[in-house]
Structures are given as structure tokens and as C-alpha cells.
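For reference, the structure discussed in these notes is given below.
The values are calculated or read from the model by the stated rules, or taken from the named source; none is laboratory data. In this text the structure is predicted, and so the values were computed from the model without any measurement. A quick note on method: Cβ atoms are made from the backbone with ideal geometry, for glycine too, and the neighbour counts reach across all protein chains shown. Just the protein is used for accessible areas: all its heavy atoms, side chains included, with ligands, DNA and RNA removed. Shrake-Rupley method; radii C 1.70, N 1.55, O 1.52, S 1.80 Å.
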Amino acid sequence: MNFNTLMDDMKSALILSKENKGLFIPALLANILFVVVMIAFVVVILISVAGTMFATVNDNFNWSLFIGYFIAAGVFITITSLLFLALDIGISGLVIGVVDGEKVSAGLFFRTIRDTILRIFFTKIGFFFIAAFAFVILFIPVIIYLVTVGIFTAGWGMVFLSCSIQVFFGIWTLILIEDRRQGFESIGVNISFGKKNFWPLLLVFYVNLSLAGYLPSLLGFIGASFAAIFISYMMVTYTKIVLLLSYRRYKAL
Amino acid sequence: MKGLKFTKTLMLFDYFKQTFELNKKNKQLYTPQVLFLFLKGGLLLLTFLSFLQVFDRISPLIGNDFSKVMTLLWNTFRGVPLIMTLTTLIVLLFGSTFVEAGLYHMYALLVQEKENHPSFMIGASKYFFPFLGGNILIFLFWVIALLPYLLVGLLTLSIGLFLIPIMVGILLITWKASLVVDDDGLFTALKNSINFGKMNFIPLGVFVVIKNALSSLNGSSGGGSSNFSNSYNNYNSFNDLPNGPNLSGWNNGIDPFLDGMRIVMIVLFSIISVTTILAGLIQMLFDIFFGLCSVVIYVDKFYIPDPDPIPEAMDINEIIEEEVAIDEL
């Protein structure tokens, strides 16, 4: 994979996107989902704040009520994360289907979710523990990096860091669904794929990041706040197509 | 027409490929900018050093009569610092245009494969005044258009605020390319650029969006008219005064507060100077790539060969020959 093949893949991805506009329906769903979640979140916050206020009005601090709200918030966050995870998996499934020549269908979307969500979810939990461990160890080096390279490169250092992390850990769900592998195996494949093609993949994720940030502003301030999620998921979908094409090229070698 | 717009947009990727190849083969494209960047850094450093001298001289007197301090400030300033500041200003304002002119000349020669090692100085001196004129004209245009632009921007719920610079950018993105490729003078170049922009609005629009999004970290507001902000980016380091090592030694008996101020200033300005150079280097990568790409696009002009050439009408003799041949079978 080099710059030329990347450009070819981006061209093919653009053609595929134009011919299968249904690929972007999940992005629209994501936007709607996000708005719903935001509203629900605000409602839950309002209820819990009002509730705690009433609970403490008589100087009898009602602990169980307070804990209840914590649990409610926890459940809320878990459900939301699961929904967005499912959405992401569904998009990956649709992308693989479209590249294989199938048509976009809700069946494909939900089938992929049904087949792989448990595997991916548990891998993510496992990975979370590893990541938390790594976070503790890497905390000081990362802070030093941010303060030195981050400031001295006027922010490019931060962009470089976040895109690099995505190069190594941002493709494994797609690989898992495509190859029907196990969770941690896919993460390993992701890392070797990333090591072999670091700079082109970095460019892919940089394009994803910058366009997802830039395009909403074209719609003005109001448009930006409403459409930002849709546009960012649109870019994610397009990026997944590019990544899949590049990964298949890499596998074929 | 719709199909053509998409096909032309797809051609952008081929242009990117071509630009990347040209970039890789011709590393000498980078030398002028890098040299200029370090020249800028060095000049700003010297300017700040001279300002530091001024600061040193007046700081013991800060507590005293203000007007006296001001006169002393002006007198000290009139010597070396003034020369330094003026030199820096001139170099910054004209230097970036000079570098740009030379670079675009190199792009044109490389893309049209006229020379493998184009000279920087020839292009820089030949095209310096047209480039300068163009930059000034565009700058004036934005100054004059600022109020109407803001008005329209607000009326369209801020959509216009971002779209109008992009639309202007599309029309103007190839004026520099046209200047060095067509070699016909500034006003023809501007006219050609506007026509080219009008004919290939959507593909160039995608190009401008990609260029703006990738070239700046805060793409949203920095994404203004491509050519104005392009030259502005070359000027932006002017506002940051870096610092260098303190050569004049510590003055004894200065207020500890002023000591602290000094240290803060030194630290701040060294960070700013390093940042300017590093960020400038990264910015340079994008500027050279997209500048070269605009020349590539302008030279190729989105050429799509005829899919089904109409067969030429056959000569009557050929038809008779054919019929004779069939009869003989």
C-alpha cells in the first residue's frame, strides 16, 4: 500500500459511495440517535437534580435515592455505548457487503450486528483493561509529549498522536468482521497492518479527522451543530470503504 | 453534465498521484522555503534581541517619570532596533512573495516537463512583481468586500460566512498557476483563473475543500479564500516575536519583578519561535503539495477524451474500393 494505491482506493470508494447512497442511512440514524440521547440525557439529569434536591430538603439525605440515580446514569451510558457500537458494526457490515457487490439492506445491517456484537463487546472490555493499565504506565510520557512536542508543533503533535493510535487500534473491528476472526487476533492483525503501512494509513485517518471537522462548518453555525454527527459518520463510512479496500490489497500480497 | 462533474472530481485523485510523484522526484522544491523559514526565524530573533537591549536600558527607569521613559524609549529605538524591525518587515512582506514566485515557476516547468532542474532565481525575479500585484489586489478586494461579505454571511445564517470565501477561492485558486503556465501577465491570469473556476466549479470546489481541511488544524475559520489565507499564513509568523539567548548578561540591581518578567518573556518567545519554525515546516509540506497540484490541474484542465469518436466520413474512392472488393469475393 502506497500513496498511489491509496489514491486508487479513495477513487473506488468515492464511486462506491455514489452508487450505494444507502450506505449513509446509518449515518443519518446516528445523528438522530445522538439527538435523542442528548434529550434523554438532559431529561435524566433534570430528574436526578430535582430528585436530589427534594431528597435533601428535610435534612434527611436519602442515600438510596442518590445511588439509584448513579445506577440509572451508568445504565444509560452503557446502553448508549452499545447502541453506537452496534451502529458502527452495522456500518462495517454494510461496507463489506457493498464492496463485495451486494446491495445495501437492513437485513445485512442487523445480521452483522447479531453475529459479531458479543465478540466485539467482550474484546472491547478486555482491551479496556489493557488500555487502562497502559494509560497508568504511559501517563507521564504522554504528558511530557503533549507539553513538549504538542506545544512546539502548534498542535500538529496532538493530531499526529491521535491519528497514530487510530492507525494501530482503529481498524480491528472491521478486520474482525471481514475475516471472521477472534477479538484479540484482530487487534494483532491491526497492529501488523498498521506497522507495515503506517504513513498511508496515517494519511487516511488524518483526512477522516480533518474533513469531519471542516465540512460541518460549511453549513454555518446552526447547520454545524445539527449535522456534525451525520457528517462525521459519513466520513467514517467512507473511511471504512477505503480501509477495507486497502486491507484486501494487503491481504492479497 | 452531471456525470462529467463526478468524473472530473475523480480525476482529482489522479492529479494527487501525479503531484506526489513530482514532489518525490524533486526534493529541491523544498530548499527555497526551508531557507526562507530559517531566514525569517533568524531575522525575528535578531529583532527581538535588539528590543531586549531597549528593555534592558529602560527597565531600571520604569518607576520614574513616564514621559521621560517614553523619550528614552524612542531614542534607543531609533538606532539598531528600528533598522532591524524595518528589515524584518520588508523581508517578511516581500520575501514570501519572492519565494512563492520562484516556486510556482519551478512547478510550471516541472509539470510541463520542460526542464528537470528548474532554476529558482529566474522564476522568482521574473514573476515577483505580478505575484506581488496579485496578492495586493486580492488583499484589497477582501478589504473592500469585507462589509458586504459579513452582511451576506449573517443573513444566510452564517452559511455564507464560510461558503463565500470558498466560492471566491474556487475562482482564484488557479491564478498563480495560470500566471506561470500561460505567461501572459497578471490580469490575463486572473481572468483565466476565473473562467477555469467557472467551468470546473464542482471539481475545483472539492479540491479547495480538501486543501483547506488538510492544510490547517482549525479548518473552519481558517478555510477562507484560498489565496488570501495562503499568503496570510506566510505572514503570520510576523506577529510572533521570538527570542534568542540572552547575550548581554544580567544587569545587577534590577528589580526581581523585572527579572521574572524577563524570564517569562524569554521562555514565551523561545516557545513561539520554535513553534513558528516547526509548524511552518509542516505547513510548507501542504503548501507545496497543493500549490504544485493546482499547476497540475491547470495544465491538464480536466481533459476527458471523447468516448466515441465519430467515424470520419469515408472518401468516395474508398467506398468504391470496398464494393469492388466485396464483388470480387
Q. Restricting attention to region A:168-187, does a residue exist that is within 14 Å of another protein chain (Cβ to nearest Cβ) and under 16 Å from the mean Cα position of the chain (by Cα)?
A. no
For region B:70-103 the number of residues that are open to solvent by less than 20 Å² (accessible area, probe 1.4 Å) and modelled with pLDDT of 75 or more is 10
Reported set for region B:18-30 where residues are within 11 Å of chain A (Cβ to nearest Cβ) and open to solvent by 40 Å² or more (accessible area, probe 1.4 Å) is B:18, B:20, B:21, B:24
Residue A:231 open to solvent by less than 30 Å² (accessible area, probe 1.4 Å) and either within 14 Å of another protein chain (Cβ to nearest Cβ) or of a type in the set (Phe, Trp, Tyr) (or both) = yes
**Prompt:** under 30 Å from residue A:12 (Cβ atoms), at pLDDT 85 or above and either under 24 Å from the mean Cα position of the chain (by Cα) or part of a helix (DSSP H, G or I) (or both), is that true of residue A:80?
**Reply:** no
Filtering region B:134-184 down to residues that are among the hydrophobic types (A, V, I, L, M, F, W, C), open to solvent by 60 Å² or more (accessible area, probe 1.4 Å) and within 22 Å of the chain's Cα centre (by Cα) yields B:136, B:137, B:139, B:140, B:141, B:143, B:144, B:146, B:163, B:167
Checked A:246, A:164 against criteria (of a type in the set (Gly, Ala, Ser) and under 16 Å from residue A:92 (Cα atoms)); the one match is A:246
Do we find a residue being open to solvent by less than 70 Å² (accessible area, probe 1.4 Å), closer than 23 Å to residue A:33 by Cα and out of contact with any Gly (no Cβ under 7 Å at 6 or more places or on another chain) anywhere in region A:147-156? no
Here the residues within region A:1-14 that are within 7 Å of chain B (Cβ to nearest Cβ), open to solvent by 40 Å² or more (accessible area, probe 1.4 Å) and hydrophobic (A, V, I, L, M, F, W, C) are A:14
Of all helices (runs of 4 or more DSSP H) fully inside region B:81-192, the set with 3 or more residues that are among the aromatic types (Phe, Trp, Tyr) is B:120-155
Cβ pairs under 9 Å, 6+ apart or interchain, first in region A:129-153 and touching a residue at least 60 places away in the same chain (Cβ under 8 Å), second part of a helix (DSSP H, G or I) and loosely packed, with under 11 Cβ neighbours inside 10 Å, ordered by first then second residue, are none
Requiring at least 1 residues that are closer than 23 Å to residue B:283 by Cβ, of a type outside the set (Ser, Thr, Tyr) and out of contact with any helix residue (DSSP H, G or I) (no Cβ under 7 Å at 6 or more places or on another chain), the helices (runs of 4 or more DSSP H) wholly within region A:149-253 are A:156-169, A:198-214
Residues of region B:11-33 being among the acidic types (Asp, Glu) and out of contact with any Lys or Arg (no Cβ under 9 Å at 6 or more places or on another chain), in sequence order, are B:21
